[in-house]
């Protein structure tokens, strides 16, 4: 750790591991923590999923949004692509802990690991991550 020195302009400057006297402020610590493998539920109920399928690719990031007013599931988590298009839900059997994390202000997201069309059902496997 450096020492406090007076700058040329008269203010106090803290030196944090600076080279040549410059001010270096550490960047916030952040990382993505893998939580769980699952799939996207409800894709067969998404209108136009067949047209959307070619634009859904392995490695794509998916955004998660809580939907607490969902009449079928109070822990519902909607999954959207980065264009904001709804492509399904986190499965009900997997969403209780994820919903609690999101309700506590944690940022969760997914990444597509694989996809396959089975008739009108688009099976999309995903990994769920917590952004810290």
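Here, each number is a calculation from the coordinates, and none is a lab measurement. It should be emphasised that the depicted structure is a prediction, and the values quoted were computed from it without experimental measurement. Neighbour counts are summed over all protein chains in view; Cβ atoms, including those assigned to glycine, are modelled from backbone coordinates with ideal geometry.
Taking other Cβ atoms within 10 Å as a rough exposure proxy, 113, 38 sort from fewest to most as 113, 38. Ordered by the number of other Cβ atoms lying within 10 Å of each residue's own Cβ, fewest first, 43, 82 fall into the sequence 82, 43. Of the residues 62, 122, the one with the fewest other Cβ atoms within 10 Å heads the list, and the complete ranking is 122, 62.
On the beta carbon distance between residue 120 and residue 31, with R0 = 41 Å, the FRET formula returns roughly 0.60. For the stretch 66-132, the relative contact order works out to 21 percent when only alpha carbon pairs closer than 8 Å and six or more residues apart are counted.
Fully extending the segment from residue 82 to residue 57 would add 7.8 nm, taking 0.36 nm per residue of separation and subtracting the current Cα-Cα distance.
Simple spin-label estimate for residue 47 and residue 92 gives 2.4 nm between the two label positions (7 Å along the Cα-to-Cβ direction from each Cα).
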